[in-house]
Amino acid sequence: MLRHTALSAALVLGFAPAVHAQSPEVPLTIVVPYPAGGPLDTSAHILADGARSQLGEIKVENKPGAGGSTGADLVAKSAPGNNRLVMGAVATHAVNPWLSRSFPYDALKDFTPLVLVARLPNVLVMNAEQARRLGIDSTAALVQYLKKNPDQLKYGSGGNGSIGHIAGEMFKSLTNTRMPSVHFQGSTPALAALAAGQVDLVFDNLASSLPQIKDGRLKALGVTTLGPNAALPGVPSINDAVPGFNVSTWFGLFAPATLPAADARRYAGAFSQVMQSPQHQAQFAKMGFVPEQLTLEGFRSFVQSENSKYGFLIKAVKIRAE
C-alpha cells in the first residue's frame, strides 16, 4: 500500500507543472497583450500603482499581437523567476483558443487565474447622426431596417474572432439578417472607422465607447448583457428585442501555471485590496465599471465556464481564424 501511494504521488507530481518561487530581485511585470491606452492597459496601471506598497516595484508592459495571444503566450512560457503576469481577457482565455487548431498555449492548463478585474457589457453603437437620418433609435428598429435592407449596413469589430465579431455574428444568426463585417486591429480603429462612415455599427466594449456616447457622437442602441447597465440609464438590453442574445467582455490577472500557491494567494490578495479601495474604485468608475471580487478558485471556475461557452458559440456561428 505504501509503495502504491508513493508511486501514485510520483505520477501526479510528474504530470503537474513544476512550481518555482518568484525571484525577489526581478520586479513584477504585468503584461498587457493589447496596445496602450485601452481599458485593460489603464486598469493594469491602476493595479500596479495601488499594489506597489505590498508587492514592491511593478512594471506594465504592452505586448500586442494576434488578438492578445502574443502577450498571453509570452507569460504562459515565461521562465521561472521572470515574475510576469498577464492581463488576460475573454479573447485570450475563452475565444482565441477555439479559432485555430494549432494554438500556442493551453488557456486552462498554462495559467493560474489570480483575480477577475471586471465584467462589463459590450454596447451596440451607431454614429448618432446616421442613426437619426435612418430613423434607427433602438435594436428593434435596427432589425426592422436590416430585414428591409439586407447587406446595406456594415458592422466593424476589433478583429476576426473578437467579442465584437462574435456579437455581430450572433446578432445576425438570431435575427436572420444579413450584415457584412469589417475587421480592424482593435477597438480604437473600429470606432474611428465608425466616425468616418466606413462602417455603420460596432459592438464595442462599454469602457471605450462611453465617452462618445455621453458627448452625443454615438447612439447606444442596446447593451449585450441580459440586463441594463447603470452607466447607460435608459439603454435597454439587446436581449429585450433579440431573445437569447448575451455577450460580455471580461478581463483579469493571470500568472503562469508554475507560480507557487503561496505567491498566487499573495498576489490575488494584494490586487483585490486595490480593487476594493474607494480611491481606486473611483478610477475604475470613470471607465464605467465596478471591480469584481472573484479570486483564485472562483475565478478559475469562471474562466472554465466562459471557455466552454464561447467554444459552443464559435462552433455554432462557424467563426474561424483568417
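A few points about this structure:
- Hey, Tyr105 in contact with a helix residue (DSSP H, G or I) (Cβ under 6 Å, 6 or more places away or on another chain), of a type in the set (Phe, Trp, Tyr), modelled with pLDDT of 95 or more and open to solvent by 10 Å² or more (accessible area, probe 1.4 Å) or not: yes
- Complete set of residues in segment 259-300 that are in a helix (DSSP H, G or I) and modelled with pLDDT under 90: Ala285
- When restricted to residues that are on the phi < 0 side of the Ramachandran plot, touching a residue at least 24 places away in the same chain (Cβ under 8 Å) and of a type outside the set (S, T, N, Q), segment 270-289 contains 8.
- Among the conditions (1) open to solvent by 20 Å² or more (accessible area, probe 1.4 Å); (2) in contact with a helix residue (DSSP H, G or I) (Cβ under 8 Å, 6 or more places away or on another chain), the only one that Asn96 does not satisfy is (1).
- Count of segment 216-262 residues which are surrounded by fewer than 20 Cβ atoms within 10 Å (Cβ to Cβ) and among the charged types (D, E, K, R): 2
- Going through (1) open to solvent by 20 Å² or more (accessible area, probe 1.4 Å); (2) under 26 Å from Val75 (Cβ atoms) one by one, Phe271 falls short only on (1).
- Pick from segment 204-214, criterion in contact with a strand residue (DSSP E or B) (Cβ under 7 Å, 6 or more places away or on another chain) and open to solvent by 10 Å² or more (accessible area, probe 1.4 Å), ranking: modelled with the lowest pLDDT: Ala207
- Residue within segment 122-134 that is touching a helix residue (DSSP H, G or I) at 6+ places or on another chain (Cβ under 7 Å) and surrounded by fewer than 19 Cβ atoms within 10 Å (Cβ to Cβ) present: yes
- Of the set (1) surrounded by fewer than 19 Cβ atoms within 10 Å (Cβ to Cβ); (2) out of contact with any helix residue (DSSP H, G or I) (no Cβ under 8 Å at 6 or more places or on another chain), all apply to Tyr145 but (2).
- Filter result (among the aliphatic types (A, V, I, L, M), under 26 Å from Leu194 (Cα atoms) and part of a strand (DSSP E or B)) within segment 90-128: Ala118, Leu120, Val123, Leu124, Val125, Met126
- Selection within segment 295-311 - open to solvent by 30 Å² or more (accessible area, probe 1.4 Å) and in contact with a helix residue (DSSP H, G or I) (Cβ under 6 Å, 6 or more places away or on another chain): Thr295, Leu296
- Selection within segment 51-75 - open to solvent by less than 20 Å² (accessible area, probe 1.4 Å) and among the small types (Gly, Ala, Ser): Ala51, Gly68, Ser69, Gly71, Ala72
The values are calculated or read from the model by the stated rules, or taken from the named source; none is laboratory data. It should be emphasised that the depicted structure is a prediction, and the values quoted were computed from it without experimental measurement. Glycine also receives a Cβ, built like all others from the backbone with ideal geometry; neighbour counts cover every protein chain displayed. Note: areas computed on protein heavy atoms with side chains; ligands, DNA, RNA excluded. Shrake-Rupley method; radii C 1.70, N 1.55, O 1.52, S 1.80 Å.
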